[in-house]
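The structure under discussion appears below in the form of structure tokens.
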Amino acid sequence: NIDFSHDGLRLIASGEDDSMIIYDCDKAQQKQVIRSNKYGADLVHFTHASNTIIYASNKESRDHALRYMSIHDNKFLKYFNGHTAKVVSLSLSPVDDTVISSSLDKTVRMWDLRSPDCVGLMQCQGRSVAAFDPEGLIFAVGVQSEFIKLYDLRSFEKGPFSTFKYKLESGVDWTGIKFSLDGKLMMLTTNGAVIRIVDAFEGKPMFTLSGYQNNKGLPIEASFTPDSQFVLSGSTDGKIHVYRAQTGQRTCILSGEHTNPVTSVQFNPRYMMMASACHSLNMWALDPDGGSRMDGGVPGLPLPSPNQNNSAFKSSAGFSDGLY
């Protein structure tokens, strides 16, 4: 998976080779390689601090702890123990050091990076995925690919304040849940070739995004753009599909240099750029003509690029050239 730092200047990627690589988004250069040979690395996220990360293991072992690490000196700061099976989702609060994780052990756990112990535990009926809302006051838990439960962070021990039930789909499991930055929509990603968009307040199904490929049952990660207007999704054919979040209409398909399934697409939280990953990483910068490739040349988000003098990123240190 991939994750941008909160200031938008760095990106970290974790892969199946047990490494995590940090890139400079301004220079499009590799800055640091972190090895995690014993435990592997998955679901890596920057924290609010500029020099720390948290990640899960991708090894089939008995150790399913979350690892909180200083990237300044490559030292572990804490191990968060509690899950007894693979962690499948990890979400950081946008406002403080609270973290929620969900696991195949049918639990959702809440952590505080300042404390070594679990500060909250929710037992679920089956596989679950979880995420914070943009204000960090509410979190959503998708359970057994059938229910979305909304919790108030301040009183989660009382149970969900809203529960929405959906029709089970044979052979399609929810693999992720996200809120749009305006808080109005939720996205359910799956191991099939569909993404569900639902109303975040009433749980009403809004749109089904389809047309991309997922013939390998992969947990393809999709993302909202920071203005909440578009959804970006990878595809097993190596392309990126772009949809309007308000209508569900696909607006375009982006072709980069991906030769393998694109399993993660993220938009930079601060700058007009995005990244997509398969076995290689593509960075996408603002079209030098002044339009956005997302919507047929219609001007995109009013965000500066990290280096206004660069019209495109150069391929180096493991990067593949994108299309700009």
* Members of segment 243-270 that are touching a strand residue (DSSP E or B) at 6+ places or on another chain (Cβ under 9 Å), touching a residue at least 40 places away in the same chain (Cβ under 8 Å) and in a loop (DSSP other than H, G, I, E, B) -> Ala245, Thr247, Gly248, Gly256, Glu257, His258, Val262, Thr263, Asn268, Pro269, Arg270
* Asked: Assuming Ser36 fulfils every condition listed in (1) open to solvent by 40 Å² or more (accessible area, probe 1.4 Å); (2) of a type outside the set (A, V, I, L, M); (3) within 17 Å of Asp18 (Cα to Cα) apart from one, which condition is it?
  -> (1)
* Asked: Going by the structure shown, is Val172 modelled with pLDDT of 95 or more and among the β-branched types (Val, Ile, Thr)?
  -> no
* Asked: From the set of residues in segment 177-198 that are outside any loop (DSSP other than H, G, I, E, B) and over 16 Å from Tyr243 (Cβ atoms), which is most open to solvent (accessible area, probe 1.4 Å)?
  -> Phe179
* In segment 75-87, what residues are under 16 Å from the mean Cα position of the chain (by Cα) and open to solvent by 20 Å² or more (accessible area, probe 1.4 Å)? -> none
* Would you list the strands (runs of 3 or more DSSP E) that sit entirely within segment 1-73 and hold 1 or more residues that are within 27 Å of Ala85 (Cβ to Cβ) and among the basic types (Lys, Arg)? => 29-35, 66-70
* Taking strands (runs of 3 or more DSSP E) that fall entirely within segment 98-160, which contain at least 1 residues that are open to solvent by 20 Å² or more (accessible area, probe 1.4 Å) and out of contact with any helix residue (DSSP H, G or I) (no Cβ under 8 Å at 6 or more places or on another chain)? -> 107-112, 118-123, 147-152
* To do: Can you tell me which residue within segment 213-242, out of those that are open to solvent by less than 10 Å² (accessible area, probe 1.4 Å) and in a loop (DSSP other than H, G, I, E, B), is farthest from Lys178 (Cα to Cα)?
  => Gly238
* To do: Determine whether segment 196-203 contains at least one residue that is under 23 Å from Asn1 (Cβ atoms) and among the acidic types (Asp, Glu).
  => no
* In segment 11-22, is there at least one residue being open to solvent by 30 Å² or more (accessible area, probe 1.4 Å), under 25 Å from Leu286 (Cα atoms), of a type outside the set (Phe, Trp, Tyr) and free of Cβ contacts under 8 Å to residues at least 60 places away in the same chain? -> no
* With respect to Lys158, determine if the residue is over 30 Å from Met69 (Cβ atoms) and either hydroxyl-bearing (Ser, Thr, Tyr) or modelled with pLDDT under 95 (or both). => yes
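The values are calculated or read from the model by the stated rules, or taken from the named source; none is laboratory data. All values derive from a computational prediction rather than experimental measurement. Positions of Cβ are generated from backbone atoms using ideal geometry, with glycine treated the same way; all protein chains shown enter the neighbour counts. Each accessible area value is taken on the protein alone, full model and side chains, heavy atoms only, with ligands, DNA and RNA left out. Shrake-Rupley method; radii C 1.70, N 1.55, O 1.52, S 1.80 Å.
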